[in-house]
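**Q** Please see the structure below; I have some questions.
The values are calculated or read from the model by the stated rules, or taken from the named source; none is laboratory data. All figures in this text were calculated on a predicted structure; none of them were measured in a lab. For neighbour counting, all protein chains shown are included, and Cβ atoms are generated from backbone atoms with ideal geometry for every residue, glycine included. Ligands, DNA and RNA are excluded from the accessible area calculation, which covers all protein heavy atoms including side chains. Shrake-Rupley method; radii C 1.70, N 1.55, O 1.52, S 1.80 Å.
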Amino acid sequence: MTAESKAASTVLVSTDWVAQHLDDPKVRIVEVDVDTRAYDEGHLPGAVGWDWSTQLCDTLRRDIIPKEKLEKLLGLAGIGNDTTVVLYGDNNNWFAAWAFWQLKIYGHKDVRLMDGGRKKWLAEERELSADLPKPKETAYKAAEPDNSIRAFLPEVQVASEKKGADLVDVRSTPEFTGEILAPPGLPETCQRGGHVPGAQNIPWAQACKEDGTFKSVEELKKLYGGKGVQGDKPVIAYCRIGERSSHTWFVLKYLLGYKNVKNYDGSWTEWGNLVGAQVEKGA
Amino acid sequence: MTAVKAENYRETEAVLAGWPVKIVSYKAGAVYRVSVHNKEPGAWIVKTAGPTLEEAEAQARKLAEERLSKTRRLS
């Protein structure tokens, strides 16, 4: 087993593995969807559901979930500091990756993604439940936030000007070039289209296979390395609101083992609305 | 426990209002669930449910077309 695939085995689990651990008391399965109603349509038996739009953020100011709120959320889900948390969701785990990133910010040791997410579970015609689990509440203690995996605007501005970090825009190419202001069918959430000057476009989906699972480490190395993103420089990934870039952050940090990778969760809804910010258009 | 199996999972491709999309459907219990996703970046646009696949899919296509037609191409 290579170092990379060994790393992957600690953060990725298959649908088979999850099916075998549905009743494992050391494992808590959590669904986090883009569509916050998907959980109610039927979820993995025993899985808890989190709403990214209300539960995984600060609802007053734009920010990630505050520490105390996270402790309460995890406690109510029956998650202890030594629990293996398995996250999965729709859209190939976009918001599951977002939750993964936040749990890592707060220092949870054992977090994993179910490879392929909700889509693969459904495609395999596995069991769904409408029941809401009632876990025994725990007293979860989070660590202070580790912002070494999070990029804020000033750092992105410096990276854009000085080229000291690889900026990876993981949105679709029409969003990157400025042809559209939001993914087709979704509301426009920025004033200007285009990308952060100096960023390169590697859409998140290129890291996945058709069934939603991640590509092999070799294929991923070729994909990112081929664009010059080799992990020899810090990397900052961004998208529109930070969830797709959490997915790419996960790939670069955990599947490829790059040391210095950050998710810029302000993303295009920050940069593309910023008065005076430089914007680059085209490919 | 109220548990059902997901059945008849299917993904097909189409073009609605000029945008390539993926139409995903499956059956859970007596309900057919259909969602329409943009091909790029792969986000869901609408979801519907109905007693038959045809009914749920027709509704999903109609709603998706309405939403997709509002997307502007700037260049």
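**Q** Ignoring everything but the protein chains, give the 1.4 Å probe accessible area of B:ARG10 in square angstrom, nearest 10.
**A** Accessible area of B:ARG10: about 100 Å².
**Q** Return the residues of the stretch B:43-69 for which accessible area with all protein chains present is lower than in the chain on its own by 30 Å² or more; set the probe to 1.4 Å and exclude ligands, DNA and RNA.
**A** B:ALA43, B:TRP44, B:LYS47
**Q** Here's something else I'd like to know. Treating only the Cα positions of the stretch A:1-133 as identical point scatterers, give the base-10 log of I(q)/I(0) from the Debye formula at each q in 0.10, 0.12, 0.16, 0.18 Å⁻¹.
**A** Each listed q maps to, in turn, -0.29, -0.43, -0.77, -0.98.
**Q** Now for a different question. Per residue, how much accessible area does the protein assembly as shown have with a 1.4 Å probe, in Å²?
**A** Accessible area per residue: 44 Å².
**Q** Next up: At 1.4 Å probe size, with the rest of the protein present, what percent of the exposed accessible area of the stretch A:148-271 is carbon and sulfur atoms?
**A** 52
**Q** Tally the DSSP beta bridges in the protein assembly as shown and give the antiparallel ones as a percent, rounded to 5.
**A** Percentage antiparallel, nearest 5: 55.
**Q** Taking A:LYS134 as the anchor, which lysines have their alpha carbon closer than 20 Å to its alpha carbon, excluding any fewer than eight residues away along the same chain?
**A** Reachable lysines: A:LYS26, A:LYS69, A:LYS72.
**Q** If you wrap a convex hull around the Cα atoms of the protein assembly as shown, how much volume per residue is inside, in Å³?
**A** Details: hull volume 47.0 nm³, N = 358.
Enclosed volume per residue, from the Cα hull, is 131 Å³.
**Q** Further question: Just which residues of the stretch A:15-54 lose 50 Å² or more accessible area with every protein chain there, against their chain alone, with the probe set to 1.4 Å?
**A** Output list: A:GLU41.
**Q** If you don't mind, there's one more thing I want to ask. Take the solvent-accessible surface of the protein heavy atoms, probe 1.4 Å, and return the percent of it on the stretch A:3-145 that carbon and sulfur atoms account for.
**A** Solvent-exposed carbon and sulfur of the stretch A:3-145 make up 52 percent of the total.
**Q** Give me the accessible area of A:ARG37, 1.4 Å probe, in Å² rounded to the nearest 10.
**A** Here the accessible area works out near 130 Å².
**Q** Taking a probe of 1.4 Å and counting only protein heavy atoms, give the total accessible area buried between chains A and B in Å², rounded to the nearest 100.
**A** 2800
**Q** Keeping the other protein chains in place, figure out the carbon and sulfur percent of the accessible area of chain B, with a 1.4 Å probe. Walk me through the numbers on the way to the answer.
**A** Details: 2030 of 3990 Å².
Exposed carbon and sulfur together represent 51 percent of the surface.
**Q** Among the listed pairs A:LYS209/A:LYS259; A:LYS109/A:LYS163; A:LYS67/A:LYS162; A:LYS163/A:LYS227; A:LYS215/B:LYS39, which are separated by more than 23 Å between their Cα atoms?
**A** Details: A:LYS209/A:LYS259 25 Å; A:LYS109/A:LYS163 32 Å; A:LYS67/A:LYS162 33 Å; A:LYS163/A:LYS227 15 Å; A:LYS215/B:LYS39 19 Å.
Listed pairs above 23 Å: A:LYS209/A:LYS259; A:LYS109/A:LYS163; A:LYS67/A:LYS162.
**Q** Can you give the FRET efficiency for A:ARG126 and A:GLN230, using 1/(1 + (r/R0)^6), R0 = 45 Å, r = Cβ-Cβ distance, to the nearest 0.05?
**A** Values: r = 38 Å, r/R0 = 0.84.
It comes to 0.75.
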